[in-house]
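Presented below is the structure to which this report refers.
The values are calculated or read from the model by the stated rules, or taken from the named source; none is laboratory data. In this text, all values refer to a predicted model and were calculated from it rather than measured experimentally. We place every Cβ from the backbone using ideal geometry, glycine too, and count neighbours over all the protein chains shown.
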Amino acid sequence: MFGQINSSDKDRQIPMSGTYQVFLSFRGSDTRFGFTGYLYKALTDRGIHTFIDDKELQSGNQIPPALMKAIQESRIAIPVLSTNYASSSFCLDELTHILHRSNSEGMFVLPVFYEVDPSHVRHQKGSYEDALAKHEKRLKHNMDKLQNWKNALRQVADLSGYHFKKGDQYEYKFIEKIVKQVSKEINLGWLHVADYPIGLESSVFRVTNLLDVGSDDGAHMIGIHGMGGIGKSTLARAVYNSLIADNFDGTCFLDNVREKSNKHGIQHLQHILLSKILKEKDIIFTSWQEGVSMIKEMFQRKKILLVLDDVDDLKQLKACVESPNWFGLGSKVIITTRDIQLLLKCHVKITYEVKTLDNNDALRLLTLTTFKGKEVDSCYKEVLNRVITYASGLPLALEVIGSNLAGKGFQNWEDVIDRYERIFPSEIEDILKVSFDALDKEVQNVFLDIACCFKGYTKRYVEHIIGAHYGYSIKSHLEVLVEKSLLKLNDKISRFEFHDENNYRYIMHDLIEEMGKNIVKSKMSGRTGKA
């Protein structure tokens with residue numbers, strides 16, 4: 001890239017809507033079957049919806065309405081200024097209209113000077129001087145049009161763009177630079193994070209900083225872990241969006257890994273990954289082992305951005321991201337899971353635990369979900385605090401309850417919250433219970449014992465009392481519950497206790513505790529459904 005981006009370039013807002021993402025303006029006889037054709041293919045292969053005029057215009061003095069409409073409905077324009085570009089009045093009219101949209105509506109213009117010196121375009125020298133001289137003879141009675149063309153050429157030459165000169169570089173590498181720049185400008189692959197991304201900014205900052213620490217010979221890997229409904233996927237999407245413009249050779253956000261793997265198998269995950277990164281649909285392999293070989297072979301020299309979201313089985317990691325050296329230098333791999341042990345088994349050294357929201361952020365999320373940004377009357381304060389206490393900082397619970405309260409009159413709020421406190425909401429239980437259902441039967445029973453009787457007791461006491469029933473296996477059972485984010489060891493002890501790990505207390509989120517008690521109620525009542 002040459003030249004400096006002026007302040008207007010930096011502040012320009014690219015239109016977010018439009019039929020096309022990119023409009024190509026070019027002289028067909030110069031570059032249609034060469035550079036512009038290759039650029040068009042590279043853009044479309046990257047998934048960028050690009051307009052190219054596939055017919056050489058033969059007659060007439062006006063740009064056809066279809067071309068004017070395409071320019072008007074495109075977000076970015078790439079004029080390919082080649083040797084004979086200025087000899088076409090159609091190209092000059094296109095360029096004039098493109099720059100008018102740039103000045104009035106913020107259309108992003110990325111000029112490519114293909115075997116043409118930008119100074120010749122700016123000052124109309126060489127072939128551009130000759131072409132404009134011919135136009136001048138033809139336009140004796142329309143000198144305003146000629147002056148508009150000259151102004152457009154001067155303006156486009158002042159923009160930051162790309163200059164290609166044969167013999168200086170490979171053309172395909174030059175095209176790659178343009179495609180990466182376009183991808184960056186349109187935020188290709190940007191994901192919806194959340195309706196109300198509360199409390200995310202600091203977590204995104206920490207995770208992206210941690211991703212700068214890692215393997216020097218392969219991918220930088222990080223595991224994001226925490227209990228169900230706490231916002232691991234939301235954080236992963238926000239981090240993905242913050243990184244996606246960083247010139248990766250390929251990007252993939254593979255969501256719902258647990259669900260996809262259970263329904264379709266591990267090979268399905270590998271197929272999505274290979275197809276997304278390589279931009280190819282017809283990829284065939286006969287076993288997950290062959291899929292591993294293809295991933296290692298195809299990605300070893302590629303800089304990629306990959307998220308595996310909601311992993312719950314070591315096989316999923318072994319099939320897709322077992323080692324950092326599977327990927328090229330500078331790659332970023334993010335794994336979200338409820339089970340920190342999976343990360344350790346796959347040698348993911350850097351981890352980040354997602355914490356519950358503090359009361360201030362919880363109140364912001366709840367009021368935004370409930371009132372959609374409208375001013376909140378003070379009479380709601382007490383009942384809002386009841387919800388915050390009930391949800392205990394879990395974003396899932398705040399959003400579920402807030403959505404159910406939205407639009408209801410104040411007189412109905414107490415009834416709704418009373419019902420939540422009596423009957424555990426299925427929308428929350430279904431998410432939290434995934435971790436419980438994955439446990440062995442005996443570990444499930446240990447969890448239920450703690451949820452009903454021993455929450456808040458010291459490690460020493462729990463191991464002694466429950467261990468009398470389960471024997472030496474109690475320690476490993478408790479470790480599994482901690483690893484699955486169902487249980488925590490709180491190291492805050494009273495000043496009267498010795499600072500010994502055995503004095504740490506087992507704690508769990510209030511809603512996980514309620515889930516456990518609800519499961520026991522269902523068993524005791526002899527029903528298989530929810531209490």
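List of remarks:
- Considering (1) crowded, with 19+ Cβ neighbours inside 10 Å; (2) assigned to a loop (DSSP other than H, G, I, E, B); (3) basic (Lys, Arg), the lone condition that Lys281 does not fulfil carries the number (1).
- Asn404 being at pLDDT below 90 and part of a helix (DSSP H, G or I): yes
Rundown of residues vs (1) assigned to a loop (DSSP other than H, G, I, E, B); (2) touching a Pro at 6+ places or on another chain (Cβ under 9 Å), yes/no style:
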| position | (1), (2) |
| --- | --- |
| Glu136 | no, no |
| Lys150 | no, no |
| Gln155 | no, no |
| His163 | no, yes |
| Ile175 | no, no |
| Lys180 | no, no |
| His192 | yes, no |
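- The condition (being at pLDDT below 90, of a type in the set (Lys, Arg) and farther than 22 Å from Thr356 by Cβ) is satisfied by just one residue among Lys523, Lys488, Lys492: Lys523.
- For Asp313: the one exception among (1) farther than 17 Å from Arg46 by Cβ; (2) touching a Leu at 6+ places or on another chain (Cβ under 9 Å); (3) surrounded by fewer than 17 Cβ atoms within 10 Å (Cβ to Cβ): (3)
- Which numbered condition Lys55 fails, given (1) in contact with a strand residue (DSSP E or B) (Cβ under 8 Å, 6 or more places away or on another chain); (2) closer than 30 Å to Arg138 by Cβ; (3) modelled with pLDDT under 90; (4) of a type in the set (D, E, K, R): (1)
- Against the test of being crowded, with 21+ Cβ neighbours inside 10 Å and either in contact with a His (Cβ under 8 Å, 6 or more places away or on another chain) or farther than 22 Å from Arg206 by Cβ (or both), the options Lys332, Lys381 yield a single qualifying residue, Lys332.
Every residue, every condition in (1) more than 30 Å from the chain's Cα centre (by Cα); (2) not aliphatic (A, V, I, L, M), yes or no:
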position	(1), (2)
Arg338	no, yes
Leu344	no, no
Lys355	no, yes
Ala362	no, no
Thr367	no, yes
Lys408	yes, yes
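- Filtering the range 177-207 to residues that are touching a helix residue (DSSP H, G or I) at 6+ places or on another chain (Cβ under 7 Å) and under 30 Å from Ala362 (Cβ atoms) leaves Trp190, Leu191, Val193, Ala194, Tyr196, Pro197, Ile198, Gly199, Leu200, Ser203, Val204, Val207.
- Whichever residue in the range 132-159 is acidic (Asp, Glu) and either in contact with a helix residue (DSSP H, G or I) (Cβ under 7 Å, 6 or more places away or on another chain) or in contact (Cβ under 8 Å) with a residue 12 or more places away in the chain (or both) and, among such residues, is surrounded by the most Cβ atoms within 10 Å (Cβ to Cβ): Asp158
- Any pair with Cβ under 6 angstrom, 6 or more apart, that starts in the range 169-198 at a residue that is exposed (fewer than 14 other Cβ atoms within 10 Å of the Cβ) and ends at one that is in a loop (DSSP other than H, G, I, E, B): Lys184/Ala245
- Of all residues making up the range 97-123, the number that are closer than 21 Å to Arg32 by Cβ and either of a type in the set (Phe, Trp, Tyr) or surrounded by 15 or more Cβ atoms within 10 Å (Cβ to Cβ) (or both): 10
- In the range 254-268 there is no residue matching the filter, namely being at pLDDT below 90 and either acidic (Asp, Glu) or assigned to a loop (DSSP other than H, G, I, E, B) (or both).
- All conditions in (1) outside any helix (DSSP H, G or I); (2) at pLDDT below 90 hold for Glu414, with the sole exception of (1).
- When Val121 is tested against (1) under 15 Å from Ile71 (Cβ atoms); (2) at pLDDT 95 or above; (3) aliphatic (A, V, I, L, M), only condition (1) is not met.
- Residue in the range 67-80 that is more than 23 Å from Asp144 (Cα to Cα), basic (Lys, Arg), at pLDDT below 95 and surrounded by 20 or more Cβ atoms within 10 Å (Cβ to Cβ) present: yes
- Residues that are in contact with a helix residue (DSSP H, G or I) (Cβ under 9 Å, 6 or more places away or on another chain), over 18 Å from Phe371 (Cα atoms) and without any contact (Cβ under 8 Å) to a residue 60 or more places away in the chain, drawn from the range 404-425: Tyr420, Glu421, Pro425
- When the range 347-366 is filtered for residues that are in a helix (DSSP H, G or I) and surrounded by fewer than 20 Cβ atoms within 10 Å (Cβ to Cβ), the ones remaining, listed by number, are Asn359, Asn360, Asp361, Leu363, Arg364.
- In the range 317-327, the qualifying residues are those that are under 20 Å from the mean Cα position of the chain (by Cα) and in contact (Cβ under 8 Å) with a residue 40 or more places away in the chain, and the one that is nearest to Asn256 (Cα to Cα) is Cys320.
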